[in-house]
Amino acid sequence: MPRRNKIALIGAGNIGGELAALAAREELGDVVLFDIPDKEGLAKGKALDLEQNGSVLGYDAHIKGSSSWDDCAGADVVIVTAGVPRKPGMSRDDLLSINLKIIRNVAENIKAKCPNAFVIVISNPLDAMVFELKKVSGLPAERVVGMAGVLDSARLQLFLAREMAVSIKDVRAMVLGGHGDTMVPVLSYCTVNGVPVTQLIAKDKLDAIVTRTAGGGGEIVKLMGTSAYYAPATSAIAMARAYLYDEKRLLPAAAYCDGDYGYKDMYIGVPVIIGGAGVEKIVKIELSAEEKANLDKSAGAVRELLEASKKL
Ligand code: APR
């Protein structure tokens, strides 16, 4: 008998709450909003609020707040935001030691309760967290992915659209590499309806946009004292949808590279196809010498994070 998809959201904080709201509105399935026992009230409260929201909006999703992993058992999709977000002045890497412990615990529970799920990691520092989750859970690489590229590309698209005063709908952009200051906006693949942005925007303006994109998360942390949540949640939901509906979308995402782009045994942002089998393919695209050098530099920064993780 057909059944509704089950989506487990690990972490019921700012991003977790927005993920639940979007998953319900898009009718992706029933939702479990999970958090630690201390935050069970928060998870249950948000769940109830969102179920009541369904009465107004007319969706039938069941949303359950919980601090028991048993409620997450058998999930089709798990989205992980467990951890602490950045405070002003903190880099994503400063979060490493705190969030690593949390991710190891989450990974053990996913292994035990949700071994068949497609897992999307959002917790930072992203590339290290998604690597650790795959390692500890033992899930296959195609079913563990990190959300960063869709968000970073969305930020770049916005800045490009505003600079040219054109509709955001016509701007396509691609950001690869690690989810940190070394991320690589790949301008040769950024277009307005197929027209390369390099033909439309002066170099100094593009340079400023690239810099703003790399610091796009930090700009928001500085303004509101915690990290962004609307666009991060929407980005992860787009990836969940691509999996659940076998959409075969080509998206930038942190994927497990085993020789791809010359990177071995690490996660980094690359173009992938997401469909019903998860990360179905890492797409090899041509990069200019400068872009490849920047990607290598970013991979070096991710590698340093992984080395630091090993000692913790
Ligand atoms: N299991 C489940 N949830 C946990 C655990 C755990 N072991 N440890 C902490 N959490 C929960 C916290 O109790 C909190 O409710 O994770 C939630 C995180 O929510 P917020 O603090 O609101 O953080 P948020 O803005 O949602 O960001 C979460 O995503 O983008 C990244 O840098 C960000 O690492 C951060 C994560």
Subset of segment 111-125, residues among the aliphatic types (A, V, I, L, M), open to solvent by less than 10 Å² (accessible area, probe 1.4 Å) and within 11 Å of the ligand (Cβ to nearest atom), comes to VAL121
When you look at LYS205, is it assigned to a helix (DSSP H, G or I), farther than 26 Å from ALA21 by Cα and among the basic types (Lys, Arg), yes or no? yes
Determine whether segment 27-43 contains at least one residue that is away from the ligand (no atom under 12 Å from the Cβ), within 18 Å of the chain's Cα centre (by Cα) and either assigned to a loop (DSSP other than H, G, I, E, B) or within 30 Å of GLU307 (Cβ to Cβ) (or both). yes
So ASN99 ticks every box in (1) near the ligand (Cβ under 6 Å from one of its atoms); (2) assigned to a helix (DSSP H, G or I); (3) open to solvent by 10 Å² or more (accessible area, probe 1.4 Å) but one. Which box is left unticked? (3)
Going through ALA75, ALA82 one at a time, which residue ends up being within 10 Å of the ligand (Cβ to nearest atom), touching a residue at least 60 places away in the same chain (Cβ under 8 Å), open to solvent by less than 40 Å² (accessible area, probe 1.4 Å) and under 23 Å from ALA242 (Cα atoms)? ALA82
All but one of (1) touching a strand residue (DSSP E or B) at 6+ places or on another chain (Cβ under 7 Å); (2) part of a helix (DSSP H, G or I); (3) away from the ligand (no atom under 12 Å from the Cβ); (4) more than 24 Å from GLU108 (Cβ to Cβ) hold for LYS46; which doesn't? (3)
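Residue by residue, here is whether (1) surrounded by 19 or more Cβ atoms within 10 Å (Cβ to Cβ); (2) under 20 Å from the mean Cα position of the chain (by Cα) holds:
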| site | (1), (2) |
| --- | --- |
| ALA214 | yes, yes |
| LYS222 | no, no |
| ALA277 | no, yes |
| GLU286 | no, no |
| GLU290 | no, no |
| ALA299 | yes, yes |
| ARG303 | no, yes |
For residues in segment 126-170 being among the polar types (S, T, N, Q) and open to solvent by less than 40 Å² (accessible area, probe 1.4 Å), which is nearest to GLY29 (Cα to Cα)? SER137
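The values are calculated or read from the model by the stated rules, or taken from the named source; none is laboratory data. Model, not experiment: these values are computed from the prediction. Quick reminder, even Gly has a Cβ in these numbers, built from the backbone with ideal geometry, and neighbours come from all protein chains shown. Only protein heavy atoms, including side chains, enter the accessible area calculation; ligands, DNA and RNA are left aside. Shrake-Rupley method; radii C 1.70, N 1.55, O 1.52, S 1.80 Å.
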